[in-house]
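Student: This is the structure, below, for whatever I ask next.
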Amino acid sequence: MRNRPYRTGSANIAAQRGLTLIELLVAISILGVVATLGWHGLDSIVRSRVALTHDLEMTRSMQLVFAQLQNDCAHLASPAMLTGRAPLAIGKEGLTLVRAVYDEQQPSRLQVVSYRLNDGILSRRESSATRDLTKLDTLWLHAVNDPDTSPRVTLQTGVSTMKMRLWFGNDQGWRTDVSFGTADNPSLPSGLEVTLQLHGQSVGMLKVFLLGAA
């Protein structure tokens, strides 16, 4: 039998042949597409996680705001403490109320608390506590007219609107005016509804508080 070196050499060359340039380019292109799709998927996951974390933080901070409001509303001063003065007032500028302060081994005192929304920042300010109703009137006027120099505490940023309503019995229902505690309308509200809406949100967060529940 004759040897066939030529054919044997051709078979070895065919077996050892690697990828052609075209095959290599196709493989690189496929890897590039897969990498791009993977990057976009990962980027989408990261963005969703960041947005979700931000929403959770905003929700948590709003819950803290409502908790502070609930505490102030629960300690709203009673009509007997104020002798004809309104314990609460709402308006476009914010919320002003008089709360009772109970400290250990101290007589009950009164304090003016104001919530204000300015440039998307919701803040809270409280006056010094007093038993002098004349001084309380001065503190109330300072809170309403905003010349008070006591420091404000920032409660929430990014708030676009703050809407409030008061609940009255005797078939009056929800009202947005502040004409109560007078001779024409001696009844006092028993509930406060507050709606806070954040920038970029289509629906606000609503909470109803009982007044003077503590």
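Student: When region 196-210 is examined, which residues are found to be open to solvent by 30 Å² or more (accessible area, probe 1.4 Å) and under 20 Å from Ala89 (Cβ atoms)?
Tutor: Scanning region 196-210 gives Lys207, Val208, Leu210.
Student: In addition: Out of the residues in region 6-27 that are open to solvent by 100 Å² or more (accessible area, probe 1.4 Å) and assigned to a helix (DSSP H, G or I), which is modelled with the highest pLDDT?
Tutor: The extreme case among them is Ile22.
Student: While we're here: Restrict the check to region 118-125 and report whether at least one residue is of a type outside the set (A, V, I, L, M, F, W, C), within 19 Å of Ser150 (Cβ to Cβ), open to solvent by less than 20 Å² (accessible area, probe 1.4 Å) and in contact (Cβ under 8 Å) with a residue 60 or more places away in the chain.
Tutor: Looking through region 118-125, none of the residues is of a type outside the set (A, V, I, L, M, F, W, C), within 19 Å of Ser150 (Cβ to Cβ), open to solvent by less than 20 Å² (accessible area, probe 1.4 Å) and in contact (Cβ under 8 Å) with a residue 60 or more places away in the chain.
Student: To continue, here is another question. Please enumerate the residues belonging to region 106-117 that are open to solvent by 30 Å² or more (accessible area, probe 1.4 Å) and within 20 Å of the chain's Cα centre (by Cα).
Tutor: Result: Leu117, single match.
Student: To continue, here is another question. Could you tell me which of the residues Ala183, Ala213 is open to solvent by 80 Å² or more (accessible area, probe 1.4 Å) and either within 25 Å of Asn118 (Cβ to Cβ) or modelled with pLDDT under 90 (or both)?
Tutor: Just one listed residue meets the conditions, Ala183.
Student: Then there's this: Quick test for you: out of Asp43, Asp72, pick the one residue that is of a type in the set (D, E, K, R), open to solvent by less than 70 Å² (accessible area, probe 1.4 Å) and at pLDDT 90 or above.
Tutor: The unique qualifying residue is Asp72.
Okay, residues lined up against (1) modelled with pLDDT under 90; (2) open to solvent by less than 70 Å² (accessible area, probe 1.4 Å); (3) touching a Gly at 6+ places or on another chain (Cβ under 8 Å):
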site: Glu104; (1), (2), (3): yes, no, no
site: Ala129; (1), (2), (3): no, yes, no
site: Asp132; (1), (2), (3): no, no, no
site: Thr149; (1), (2), (3): yes, no, no
site: Met164; (1), (2), (3): no, yes, no
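The values are calculated or read from the model by the stated rules, or taken from the named source; none is laboratory data. Just so you know, these numbers come straight off a predicted model, no measurement behind them. No Cβ is skipped: glycine too gets one built from the backbone with ideal geometry, and neighbour counts run over all protein chains shown. Ligands, DNA and RNA are stripped out before the accessible areas are found, and what is left, the full protein with its side chains, is counted by its heavy atoms. Shrake-Rupley method; radii C 1.70, N 1.55, O 1.52, S 1.80 Å.
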